[in-house]
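The values are calculated or read from the model by the stated rules, or taken from the named source; none is laboratory data. Computed from a predicted model, the values in this text were never measured in an experiment. No Cβ is skipped: glycine too gets one built from the backbone with ideal geometry, and neighbour counts run over all protein chains shown.
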Amino acid sequence: MKLVKLLSFCWAALAVAGPAMAQGAGDAAAAGGGISLNLGAAFGAGLVIIGAALGIGRIGGQAVEGMSRQPEAAGNIQTAMIISAALIEGATFFALIVCMLFN
């Protein structure tokens, strides 16, 4: 069931990202890539977002579990969680920009 949800989310991400990165008729010939390059960038952007969402979700879940087990360490766990989530977001933005630049 999880695999079906993941595949449907990937398909939806590709369907939304494809038209957003579409080029005009004259631009496709100048770029030299055409539709295959657009699909590659859209697929790459979708994978980046899915990976970031899974990573941040896991960080949040594990942090809450750790805080419930050791309430006295909640401040340290929360600080580490925020720093880790920020690093993941930075890598995500970098990967998205790379996907858009090579469009």
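The sole residue among 12, 22, 53, 29 that is surrounded by fewer than 17 Cβ atoms within 10 Å (Cβ to Cβ), at pLDDT below 60 and either among the acidic types (Asp, Glu) or assigned to a helix (DSSP H, G or I) (or both) is 29.
Residues in region 56-103 that are exposed (fewer than 12 other Cβ atoms within 10 Å of the Cβ) and of a type in the set (S, T, N, Q): 3 in all. Condition first: small (Gly, Ala, Ser) and over 30 Å from residue 38 (Cβ atoms). Can you find one or more residues in region 88-100 that meet it? No.
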